[in-house]
1. Specify which of the listed residues (Leu57, Leu31) is exposed (fewer than 10 other Cβ atoms within 10 Å of the Cβ), without any contact (Cβ under 8 Å) to a residue 12 or more places away in the chain and assigned to a helix (DSSP H, G or I).
2. Being surrounded by 10 or more Cβ atoms within 10 Å (Cβ to Cβ) and polar (S, T, N, Q) is the filter here, so list the residues in segment 101-146 that pass it.
Amino acid sequence: MSQILEQLEINQTFFIQFILFGVFFFVLSELYLKPFQRLIEKRQQKLTDDLQGSAELLKSVESKLAEYEKALAAARSEAAKHFELQLAEIRIREEAEISKVKDQVKREYLEASKVLQAERTKVESELKLQVEALSEEIVNKVLAGN
């Protein structure tokens, strides 16, 4: 084995350097690598916690959105019912007003008809009187002229 080591030009300094390198690596890993590793682990844990928090927040937002949409649908339904009720009341009032106006128009029509009938009767009687007067005058002229 010593021949192989001599042929590879490996002597005691190699082993000492190897041990020093191991000690140096161990010291550096404890002083520099472990703090970075802990920092990376903390950061990973914070990211995991943030992801879980955001997932919970998203669930909360979705449930609030569902509640809002449900309340909005209920409010729309209630508003539609209220609108239909108001519309029905307005139609009833409208029908009542139309009925009143129709009754008033009927009364005015009947009164106008009565007035017209009275005027017609008056005009007919006046015409009869004038026809009788004309007839009498014609008879008198015919009798006087003959």
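1. Leu31
2. Gln104, Ser113, Gln117, Thr121, Ser125, Gln130, Ser135, Asn140
Quick note: the coordinates plus some simple rules give every number you see, no bench work behind them. Values in this document were obtained by computation on a predicted structure and should not be read as measured data. Quick reminder, even Gly has a Cβ in these numbers, built from the backbone with ideal geometry, and neighbours come from all protein chains shown.
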